[in-house]
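Following: one structure in structure tokens, then a few remarks.
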Amino acid sequence: MHCWDFHTHLEGQPYSIFQAGGTKIEAGIPVSVGIHPWEVAPDWEAAFEKIKLAAVQNPGVLAIGEAGFDRLKGPDISLQKAAFYAQANLASHLEIPLILHCVKGHDLLMEYLKSTKNPPAILWHGWNQKPELGRQLLPFPVFFSFGKQLLQPGSNAAHWLSACPSDRVFFETDDSALEIAAIYQAASLILQLPEAVLAERVIANWNAISNRKIS
């Protein structure tokens, strides 16, 4: 059973979803494509059309993203919202997950979730928020991708992993230099479960929420 990395900025890693953003996609490499909230330009629709075409035509596009909200960096929130809603609709149409970047914007996410009839599965990447927020999100199709913060004893990520429903859990390296095995090892200690069990579980989690399967 392979230890999948569900969000990485390091290209060429086996069993991983490479954050390709809006760059050229190579056939056979699992990627996510999208417009990061930092990069939403006034003419974002043109970039979105290219991403939409790539996602529709290439089955190697396993997720849309990163997309989301960031109140600390990026353009006006109205632009971020428009780009996010378009990308979320695309993910929903393709029945694949959306990888979420969210900084001081959980209220915007809740606004979207409460106003949308058919949201896609949303992976909040790099989850390190308080467990209380995690519980607020459980009525919605929001999933939690845990990364390097699991190596910090007492982190919000570690606390929520221990309480989070097992079918909502994923793991990632993001932009860190860590190997994905280190994340699984940390999760294994927190949950008192073998790494092989975790690897099998997160693959099943993905295949339950995505039209584009992994193994």
Next item on the list: Sort out for me the Cα centre separation of the stretch 23-59 from the stretch 79-126, rounded to whole Å.
Entry: 15
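Could you sort the peptides 45-57, 94-106, 194-206 by per-residue average Cβ neighbour count (10 Å cutoff), highest mean leading?
94-106, 194-206, 45-57
Calculate, in nm to one decimal, what Ser78 and Ser166 gain on full extension: separation in residues at 0.36 nm each, minus their alpha carbon distance.
Here the answer is 28.2 nm.
Size of the dipole of the chain about the Cα centre, Lys and Arg at +1 and Asp and Glu at -1 on the beta carbon, nothing else charged, in debye to 20?
Values: 16 positive and 21 negative charges, 97 e Å.
So the magnitude is around 460 debye.
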Next item on the list: Work out from phi, with θ = phi - 60° and the Karplus expression 6.51 cos²θ - 1.76 cosθ + 1.60, the ³J(HN,Hα) of each residue of the stretch 174-187, listed in order in whole Hz, and give x for Gly and Pro.
Entry: 6, 9, 7, 8, 5, 7, 4, 4, 5, 5, 5, 4, 5, 5
Notebook entry, point to check: For Ser16, Ser78, Ser188, what ranking results if the residue with the fewest other Cβ atoms within 10 Å of its Cβ goes first?
Noted result: Ser78, Ser188, Ser16
Check: So which lysines can Lys50 reach, going by Cα to Cα under 18 Å and dropping same-chain residues fewer than 8 places off?
Finding: Lys24
Notebook entry, point to check: Is any residue of the stretch 129-159 close enough, with backbone N under 18 Å, to a label point placed 7 angstrom from the Cα of Leu191 along the Cα-Cβ axis, and if so, which?
Noted result: 129, 131, 134-135, 138, 142-159
Check: Per residue of the chain, what 222 nm ellipticity follows from adding -39500 (n - 2.57) for every DSSP H run with n ≥ 4, rounded to the nearest 500?
Finding: -12000 deg cm²/dmol
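At 0.36 nm per residue, and after removing the present C-alpha to C-alpha distance, how many nm does the segment from Lys213 to Arg135 gain when stretched out fully? Kindly include the intermediate steps, with their values, before the conclusion.
Details: separation 78, 0.36 × 78 = 28.08 nm, distance 2.72 nm.
Result: 25.4 nm gained on full extension.
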Item checked: Gain upon complete extension [Glu179, Leu113; 0.36 nm per residue less C-alpha separation] -> 20.5 nm
Next item on the list: Averaging sequence separations of C-alpha pairs under 8 Å and six or more residues apart, then dividing by the length of the stretch 5-209, give the relative contact order as a whole percent.
Entry: 16
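Test of understanding: express the Cα radius of gyration of the chain as a ratio to 2.2 N^0.38 Å, with N the residue count. Walk me through the intermediate numbers first.
On the way: Rg = 16.1 Å, N = 215, 2.2 N^0.38 = 16.9 Å.
That ratio works out to 0.95.
Among Asp76, Asp70, which comes first, second and so on when ranked by fewest other beta-carbon atoms within 10 Å? Write out the running numbers ahead of the final one.
Details: Asp76 10, Asp70 20.
So the ranking, lowest neighbour count to highest, is Asp76, Asp70.
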Margin query: How large is the translational diffusion coefficient of the stretch 1-53 in µm² per second when you combine the Kirkwood radius over alpha carbon pairs with Stokes-Einstein at 10 °C and 1.306 mPa s?
Written below: 131
Margin query: Give me the one-decimal nm value for the distance between modelled label points at His106 and Ser155, 7 Å along each residue's Cα-to-Cβ direction.
Written below: 1.7
Item checked: Backbone N under 13 Å from the Glu200 label point (7 Å along Cα→Cβ), restricted to the stretch 150-172 -> none
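Read-outs: derived from the displayed coordinates by stated rules, not from any lab. Computed from a predicted structure; not experimentally measured. Quick reminder, even Gly has a Cβ in these numbers, built from the backbone with ideal geometry, and neighbours come from all protein chains shown.
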